[in-house]
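Have a look at the structure below before the remarks.
The values are calculated or read from the model by the stated rules, or taken from the named source; none is laboratory data. These figures come from a predicted structure and were not determined experimentally. FYI the Cβ positions are ideal-geometry reconstructions off the backbone, even for glycines, and counts take in every protein chain you see.
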Amino acid sequence: MTWFKKTKEIRMEKKGKTPEGLWVKCDGCKEIIYKKEIEKNLKICPKCNYHFRISARERLKFLVDEGSFVETDATLESLDPLNFRDSASYKDRLRDNQKKSGLNEAVIAGDALIKGIPVSLIIMDFHFMGGSMGSVVGEKVARTAERALEKEQPFIAVSASGGARMQEGIFSLMQMAKVSAAVGRLKEAGILYISILCDPTFGGVTASFATLGDIIIAEPKSLIGFAGPRVIEQTIKQPLPDDFQRADFLLDHGLIDLVVDRKNLRDTLARLFELLL
């Protein structure tokens with residue numbers, strides 16, 4: 001056996017023993033990166049700063065003070081008012097997403113401390129039916145805003161959503177008005193509302209509470225809008241800029257106020273509290 005052939009066999013043997021899932025391909029720069037390296041960096045690519053999508057529970061860990069989060073309305077679950085069915089029933093989709101995500105719905109809500117400042121907050125999870133806003137999501141957002149009003153403490157909303165939940169039809173669309181009214185009452189009372197937009201934030205969520213914040217922050221390169229760029233391009237029959245609907249583009253055009261890296265988000269919120277509370 002030649003030295004080259006033997007070396008090749010050793011490499012193949014080692015490759016066969018390598019556990020799966022150790023490497024991740026970045027959706028930004030397309031580089032193959034060691035998974036643990038990304039996890040240590042809050043799911044941010046160390047090469048191009050691409051922010052991977054993360055769950056609501058993961059986000060909660062780095063956003064609020066450790067051990068301070070008290071969840072509310074955790075047992076609320078969606079019903080099926082329309083007996084909706086496409087390729088599968090809505091009830092089956094809910095059960096599948098609950099099992100997959102470990103959540104009852106596409107948002108978690110509660111009270112917590114951020115650098116010692118008490119806040120009421122909601123965090124949406126795109127992994128649960130695309131973070132879509134149905135009756136329960138709208139109810140939890142509205143209740144959390146009302147609790148912030150009652151306690152006279154800041155309201156923080158972290159959005160990651162494809163928009164309204166089609167399986168609930170008009171019941172889903174009605175949530176836009178409900179959550180917007182709840183946020184409006186915060187404004188009337190002078191309660192600070194900070195909206196944080198993550199990749200992606202679209203549809204009825206963008207068209208309601210997500211873009212009504214006193215301050216609107218976005219993670220880098222997040223895709224944010226109402227309809228997708230392909231739909232818009234087909235409608236207006238004109239090509240769109242390459243960075244259209246990305247966070248930096250929206251910052252330049254005045255839709256959002258700040259673009260903040262995930263690892264700097266907690267410190268940025270604390271600084272805003274110092275300036276505005």
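Any idea which of Ala106, Ala74, Ala112, Ala160 is touching an Asp or Glu at 6+ places or on another chain (Cβ under 8 Å), in the same structural domain as Leu265 (by TED's automatic domain parsing) and over 19 Å from Ala210 (Cβ atoms)?
None of the other options fit; the residue is Ala112.
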- Result of the Cβ filter at 7 Å on the range 214-239, keeping first residues that are in contact (Cβ under 8 Å) with a residue 24 or more places away in the chain and more than 19 Å from Met133 (Cα to Cα) and partners that are of a type in the set (D, E, K, R) and in a loop (DSSP other than H, G, I, E, B), at least 6 apart or interchain, is Ile215/Asp257; Ile216/Asp257; Ile217/Asp257; Pro220/Asp261
- Query: Out of the range 179-213, which residues are within 19 Å of Leu265 (Cα to Cα) and β-branched (Val, Ile, Thr)?
  - Reply: Ile194, Ile196, Thr201, Thr211
- Restricting attention to helices (runs of 4 or more DSSP H) lying wholly within the range 198-277, give those where 1 or more residues are at pLDDT below 95. 229-236
- Would a scan of the range 55-64 turn up a residue that is of a type in the set (Asp, Glu), within 22 Å of Thr201 (Cβ to Cβ) and at pLDDT below 95? no
- Select from the range 108-118 the residues that are without any contact (Cβ under 8 Å) to a residue 60 or more places away in the chain and touching a Phe, Trp or Tyr at 6+ places or on another chain (Cβ under 8 Å) and list them in ascending order. Gly110, Asp111, Ala112
- Among (1) surrounded by 18 or more Cβ atoms within 10 Å (Cβ to Cβ); (2) modelled with pLDDT of 95 or more, where does Tyr50 come up short? (2)
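Please go through the range 66-80 and pick out each residue that is of a type outside the set (Gly, Ala, Ser), surrounded by 14 or more Cβ atoms within 10 Å (Cβ to Cβ) and in contact with a strand residue (DSSP E or B) (Cβ under 7 Å, 6 or more places away or on another chain).
The first filter runs over the range 66-80 and keeps only residues of a type outside the set (Gly, Ala, Ser), leaving 66, 69-73, 75-77, 79-80.
Now restrict to residues that are surrounded by 14 or more Cβ atoms within 10 Å (Cβ to Cβ): 69, 72-73, 76, 80.
Once the filter is applied, which keeps residues that are of a type outside the set (Gly, Ala, Ser), surrounded by 14 or more Cβ atoms within 10 Å (Cβ to Cβ) and in contact with a strand residue (DSSP E or B) (Cβ under 7 Å, 6 or more places away or on another chain), the range 66-80 yields Phe69, Thr72, Asp73.
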- Search the range 133-153 for residues that are at positive phi and in the same structural domain as Thr72 (by TED's automatic domain parsing) and pair each with any residue that is modelled with pLDDT of 95 or more and part of a loop (DSSP other than H, G, I, E, B) when their beta-carbon atoms are under 8 Å apart and the residues are at least 6 apart or on different chains. Glu152/Ile191
- Query: If you go through the range 133-155, how many residues are over 14 Å from Lys187 (Cα atoms), crowded, with 23+ Cβ neighbours inside 10 Å and not aliphatic (A, V, I, L, M)?
  - Reply: 4
- Message: Within the range 148-166, take every residue that is under 12 Å from Phe126 (Cα atoms) and among the aliphatic types (A, V, I, L, M) and give me the one that is farthest from the chain's Cα centre (by Cα).
- Response: Val158
- Message: Restricting to the range 240-251, count the residues that are among the charged types (D, E, K, R) and either over 15 Å from Ile217 (Cβ atoms) or in contact (Cβ under 8 Å) with a residue 40 or more places away in the chain (or both).
- Response: 2
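In this structure, is Ser135 among the polar types (S, T, N, Q), more than 27 Å from Asn264 (Cβ to Cβ) and in contact with an Asp or Glu (Cβ under 9 Å, 6 or more places away or on another chain)?
Working: among the polar types (S, T, N, Q): yes; more than 27 Å from Asn264 (Cβ to Cβ): yes; in contact with an Asp or Glu (Cβ under 9 Å, 6 or more places away or on another chain): yes.
So Ser135 passes the test.
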- Quick one: Leu113 ticks every box in (1) of a type in the set (A, V, I, L, M, F, W, C); (2) in contact with a strand residue (DSSP E or B) (Cβ under 6 Å, 6 or more places away or on another chain); (3) closer than 22 Å to Ser68 by Cβ except a single one, so which number is it? (2)
